[in-house]
1. Could you check the range B:65-86 and list, in sequence order, the residues that are on the phi < 0 side of the Ramachandran plot, within 14 Å of DNA strand C (Cβ to nearest atom) and within 14 Å of chain A (Cβ to nearest Cβ)?
2. Looking at B:58, B:48, B:52 in this structure, which one is loosely packed, with under 13 Cβ neighbours inside 10 Å, out of contact with any His (no Cβ under 6 Å at 6 or more places or on another chain) and without any contact (Cβ under 8 Å) to a residue 40 or more places away in the chain?
3. For the range B:63-78, what are the residues that are in contact (Cβ under 8 Å) with a residue 12 or more places away in the chain and surrounded by 20 or more Cβ atoms within 10 Å (Cβ to Cβ)?
4. May I ask you to list the residues in the range B:30-64 that are more than 8 Å from DNA strand D (Cβ to nearest atom), within 14 Å of chain A (Cβ to nearest Cβ) and out of contact with any helix residue (DSSP H, G or I) (no Cβ under 9 Å at 6 or more places or on another chain)?
5. Quick one: count up the residues across the range A:87-139 that are assigned to a loop (DSSP other than H, G, I, E, B) and facing another protein chain (nearest Cβ under 9 Å).
Protein chains: 2
Amino acid sequence: MVDSKMINKKSINEDLTKNQKIVFNLLQNAGEPLKAYSILESLKREGLKSPLQIYRALDKLVELGKIHKIESQNSFIACNNSHCSSNTAFTICNRCGDVKEIKHNNLFEDVGALAKKNRLKISRFNLEFYIDCNGCKIN
Amino acid sequence: MVDSKMINKKSINEDLTKNQKIVFNLLQNAGEPLKAYSILESLKREGLKSPLQIYRALDKLVELGKIHKIESQNSFIACNNSHCSSNTAFTICNRCGDVKEIKHNNLFEDVGALAKKNRLKISRFNLEFYIDCNGCKIN
DNA sequence: GTCTATATTGTTATATTATTACATAATGTA
DNA sequence: TACATTATGTAATAATATAACAATATAGAC
C-alpha cells in the first residue's frame with residue numbers, strides 16, 4: 001500500500017499541484033504543526049475556501065511523505081528529515097503539546113532493527129516520545 | 001503529569017466508578033478497538049445516552065492505563081499488557097486497520113533504552129508498526 | 001450523624017474534524 | 001480529436017469531541 005504509492009522524496013515541489021504547493025509552502029514556513037481548519041483560515045486569501053480543498057492536499061502530501069500527521073493532535077507538520085521514508089519519530093510535550101520531529105538517523109535504523117528483532121515486517125513506523133519540554137519544566 | 005496521576009495498574013476494577021466499569025467491561029469483552037460512538041450505541045441499554053458520559057469514562061481509563069487510545073483511528077482498546085506502564089506498542093494493518101497490542105516486554109525495554117541513547121527523558125512512548133496483516137496478505 | 005468539599009453523573013448545546021456526493025475543469029495519451 | 005484520468009470547486013452532512021451548567025453521590029472532618 002505505502003510502497004506502491006511511495007514516490008521519491010526528493011522530487012521537487014514542481015511535481016505538486018497548485019493547492020498542494022500552497023498548503024505545503026504554508027507548512028514549511030510555519031515550522032510547527034498546523035491544523036486543517038487553521039490552514040484553511042490562513043489560505044482564504046489564496047482562494048481556498050472549503051475544508052475539502054485542504055484535506056485533499058494534506059492527504060496527498062502525507063502520501064508523498066512531504067508532511068506528517070501528528071495523529072494525537074490532528075495536526076500536520078512539514079517533514080524535516082530527508083531520510084525518514086515516511087517513518088516518523090517525534091517528541092511531544094505532555095503539558096504544552098509542543099512537537100519536534102526527531103532527525104537523528106540512528107534512531108530510525110534502531111527502530112527498524114527492533115522491528116526485525118520482533119519478527120515484524122513493517123512498511124513504516126510512527127514513534128512518539130512524551131516528554132516535559134524545557135519551557136514547561138521551568139514553569 | 002503522567003507520573004502524578006499514575007495509579008497502580010493492578011488496582012482492581014472496584015476502584016472504577018459505575019460508568020467507568022461499564023465502559024471498561026465492554027472494551028475487555030470486545031478484545032478489539034472500539035470507537036466512542038459505537039461504545040455509546042452498545043451502552044444505550046445500560047442507560048448511557050450522551051457522548052460525554054462515554055468520553056469521560058474513556059479519558060479516565062486512559063489516564064489509569066487500563067485502556068489505550070489508537071490515535072490514528074480514534075479508537076480505544078483494553079490494555080493487554082500488565083507491564084506497559086502506559087507505554088504503548090501496536091501493529092496496525094495498512095489495509096484493514098486491524099490493531100494488535102504488542103506484549104513482548106523486551107520491546108518496551110528496548111524502546112526505553114533507545115530514548116536514553118538519544119538523551120530523551122521520557123514519561124512514556126507510543127510506537128506504531130504499520131504492516132500488512134496475514135489476512136490481508138493472502139487476499 | 002451532619003456538614004462540607006470533592007468527585008461523579010446527567011443533559012443540552014455546540015465546537016471541531018473529516019467525508020460524501022456531485023459538478024466542472026484541466027491534463028495526459030492513444 | 002476523443003477518451004480516460006486527475007485535479008478542482010461547492011454544498012451538504014457525518015463523525016468526533018468538548019463546554020457549560022445542574023443535579024447527585026461520596027468521602028472525610030468535626
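Each reported figure results from applying straightforward, stated rules to the coordinates on display, with no laboratory input. What you are looking at is a predicted structure, and each value in this text was computed from that prediction instead of being measured. All Cβ positions, glycine included, derive from the backbone under ideal geometry; neighbour counts span all protein chains shown.
1. B:69, B:70, B:71, B:72, B:73, B:75
2. B:52
3. B:64, B:65, B:66, B:67, B:68, B:70, B:76, B:77, B:78
4. Across the range B:30-64, the qualifying residue is only B:62.
5. 10
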